[in-house]
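**Student:** I'd like to ask some things about the structure below.
The values are calculated or read from the model by the stated rules, or taken from the named source; none is laboratory data. What you are looking at is a predicted structure, and each value in this text was computed from that prediction instead of being measured. Please note: Cβ atoms are built from the backbone with ideal geometry, for glycine as well, and neighbour counts cover all protein chains shown.
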């Protein structure tokens, strides 16, 4: 999931019609703005809980049933029950023990119903996957599961660090990447989340990056990675990260960081404003120690 889906230049007829029929002024509206407005209009006004909010949203979007299958070859899909939006939909989900993953898939698939409702002449007939539609549904799922007003209130007094990111993700029942991307899209945090895999030779390689430029990033001081791997607590500091451009030049970026060991590697938060929490959160026994980097 990217920071904010870059669908504004999408050329597909589906997305163009989706924007034109969203109820906003098409000439001034991006696909992202259209999805945001539609999700906010459909958001339950008084949900009893995060879980009930999602279920009420799906009911309001005419999802009649949700079935779970162990044989599904994707996370989920939605199928119309007839030839029009009013006839409703059935949702199929891949069996998973992860409530976080299941909730995001439900929200994502529910957002596809906006396209069925607004562009029925294209959706109620055989069609290929539209990548811009998929990205917009990811955005819609994040908007639904992590409301802006509530997130701004929750994040206001929290330090920018991995402890806070995990605390927020648990409160909203979403993944760490989904929470980081939502915080960044709302300009609440200005940082990136990366996962590093420990290889058999003892070195670390970048596995996944969320919220920033996808490149072969390296740490200017790779001793920090080994230090975090051997530490029993998160470490904080300031350093440079870099990558090699297509022309063979090294591009450097100064960052503050929070780094800690995960199950089979390291997880890192780097960017602006990262700092140790003033008080230890209940999620971890210690708040970490500061380190420097070259």
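**Student:** Determine, yes or no, whether residue 168 is in contact (Cβ under 8 Å) with a residue 12 or more places away in the chain, more than 20 Å from residue 107 (Cβ to Cβ), surrounded by 16 or more Cβ atoms within 10 Å (Cβ to Cβ) and within 19 Å of the chain's Cα centre (by Cα).
**Tutor:** Numbers: in contact (Cβ under 8 Å) with a residue 12 or more places away in the chain: yes; more than 20 Å from residue 107 (Cβ to Cβ): no; surrounded by 16 or more Cβ atoms within 10 Å (Cβ to Cβ): yes; within 19 Å of the chain's Cα centre (by Cα): yes.
Here the answer is no, as residue 168 does not meet what is asked.
**Student:** Do you know which residues across the range 135-162 are touching a helix residue (DSSP H, G or I) at 6+ places or on another chain (Cβ under 8 Å), more than 22 Å from residue 257 (Cβ to Cβ) and assigned to a loop (DSSP other than H, G, I, E, B)?
**Tutor:** 146
**Student:** Could you list, in sequence order, the residues of the range 163-209 that are more than 23 Å from residue 137 (Cα to Cα), part of a helix (DSSP H, G or I) and out of contact with any helix residue (DSSP H, G or I) (no Cβ under 8 Å at 6 or more places or on another chain)?
**Tutor:** 163, 167
**Student:** Name the residue that is nearest to the chain's Cα centre (by Cα), counting only residues in the range 252-276 that are within 16 Å of residue 183 (Cβ to Cβ) and part of a loop (DSSP other than H, G, I, E, B). Walk me through it before giving the result.
**Tutor:** Kept after step one, since they are within 16 Å of residue 183 (Cβ to Cβ), are these residues of the range 252-276: 256, 258, 267-275.
Next cut, part of a loop (DSSP other than H, G, I, E, B) only: 273, 275.
Numbers: 273: 20, 275: 22 Å.
It comes out as 273.
**Student:** Also: When the range 219-236 is examined, which residues are found to be crowded, with 19+ Cβ neighbours inside 10 Å and not in a helix (DSSP H, G or I)?
**Tutor:** 219, 234, 235, 236
**Student:** Among the numbered criteria (1) free of Cβ contacts under 8 Å to residues at least 24 places away in the same chain; (2) within 22 Å of residue 16 (Cβ to Cβ); (3) surrounded by 17 or more Cβ atoms within 10 Å (Cβ to Cβ), which single criterion is violated by residue 108?
**Tutor:** Here residue 108 clears every test but (1).
**Student:** Which number in (1) modelled with pLDDT of 90 or more; (2) over 18 Å from residue 148 (Cβ atoms); (3) surrounded by fewer than 16 Cβ atoms within 10 Å (Cβ to Cβ) marks the one condition that residue 11 misses?
**Tutor:** The single condition residue 11 does not satisfy is (1).
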